[in-house]
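Working notes, beginning with the structure itself.
The values are calculated or read from the model by the stated rules, or taken from the named source; none is laboratory data. Just so we're clear, the structure is a prediction, and the values are computed from it rather than from any experiment. No Cβ is skipped: glycine too gets one built from the backbone with ideal geometry, and neighbour counts run over all protein chains shown. Side chains included, ligands, DNA and RNA excluded: accessible areas come from the protein's heavy atoms. Shrake-Rupley method; radii C 1.70, N 1.55, O 1.52, S 1.80 Å.
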Amino acid sequence: MKRRADQEPGYVLHTYPYKETSLIVEAFTRRHGRVALLARGARRPRSAMRGVLLAFHPLRLGWSGSADLATLISAEWAGGLQSLAGRGLMCGFYLNELILRLLPREDPHEALFDAYGEALARLSAGEAFPAVLRGFEKRLLAELGYAPLFDREAQSGAPIEPTGSYVYEPDRGPVRASHGDLVISGRTLRALIGQRLHGQVLHTRSVLMELADL
């Protein structure tokens, strides 16, 4: 099935070389979700797309072709953000990796698209990195139908006690721990992204954990 899009808001998540002069672009778009696009000749020195297909910058994209791999026709700047650097840059790569690993292709999530843009703006502005990441993780899980329960105990509905001990069951939520369970405290109960990755390793997450930001 062939599709066409014009002036579609989007961001580059990842690119990798294709043949001698082209790129495969993984993009996150407002109305089409995550899409794979072939940017023909984008690696040539004089290509108009060469300096545009950069991560973390809002773009307007146009493409035509099959849903599996369409041909990128146009790519234009659609505003600008202060470039991410240092740990902020690693946090941006972490967000991109989450989307690439967890969001199916051609599955639109306009609210998540807006949340992604907001997260990039907050990272660019130097806001506290852990808070930005936690907020996006929760929105991502909610959009995928895995919104975790944080404030109440799954069995009784009682409020989570900061000093209590709980076991987090991915399909239910937090439940009171019994003797011998592997427990976590109520203070540290938060989104368990790893449960939805099914053993996949997020390389940027590993780096951020070493930097004590995640």
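Please find, among G79, G41, G33, the residue that is touching a residue at least 60 places away in the same chain (Cβ under 8 Å) and at positive phi.
On inspection, the qualifying residue turns out to be G33.
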Selection within segment 130-156 - open to solvent by less than 50 Å² (accessible area, probe 1.4 Å), at pLDDT 75 or above and farther than 22 Å from L103 by Cα: E153
Residues within segment 1-15 that are more than 23 Å from L81 (Cα to Cα) and either open to solvent by 10 Å² or more (accessible area, probe 1.4 Å) or among the charged types (D, E, K, R) (or both), tallied: 4
Some residue of segment 180-201 being of a type in the set (V, I, T), within 25 Å of H32 (Cα to Cα), at pLDDT below 65 and out of contact with any strand residue (DSSP E or B) (no Cβ under 8 Å at 6 or more places or on another chain): yes
